[in-house]
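Below: one structure, written as structure tokens.
The values are calculated or read from the model by the stated rules, or taken from the named source; none is laboratory data. Treat the numbers as computed from the prediction; the structure is a model and nothing was measured. Cβ: placed from backbone, ideal geometry, glycine included. Neighbour counts: every protein chain shown.
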């Protein structure tokens with residue numbers, strides 16, 4: 001069996017098969033907008049839920065006071081509230097990205113397309 005070498009910069013057919021394909025800018029723009037809106041909704045919903053707690057009311061009252069007697073307590077409360085908000089944002093963006101990626105491999109960008117068949121045909 002003889003092998004032929006490819007010129008520099010010309011990948012073999014096997015290498016070309018594994019190269020990522022470029023998507024149209026409109027697809028990336030739509031994905032970016034979708035993920036931005038999903039993250040904003042997650043952050044907003046978490047903020048709305050947090051705002052109804054008594055801890056948040058105590059934190060807001062301390063934030064408007066010029067001097068507080070327990071600064072570490074309010075630092076810890078603020079950090080906890082931001083951790084909840086950031087987690088909600090991350091979950092929403094992660095869910096949206098997973099949904100976008102699942103739809104991409106099926107030839108349709110819609111979320112309601114049929115599941116992709118991953119079974120191999122029986123060759124026996």
Anything in region 64-86 that is surrounded by 13 or more Cβ atoms within 10 Å (Cβ to Cβ) and under 17 Å from the mean Cα position of the chain (by Cα)? List them, or say none. 84, 85, 86
Filtered residue count, region 14-36, keeping only those that are surrounded by 10 or more Cβ atoms within 10 Å (Cβ to Cβ) and modelled with pLDDT under 60: 2
In this structure, is residue 60 farther than 24 Å from residue 42 by Cα and either in contact with a strand residue (DSSP E or B) (Cβ under 7 Å, 6 or more places away or on another chain) or at pLDDT 85 or above (or both)? no
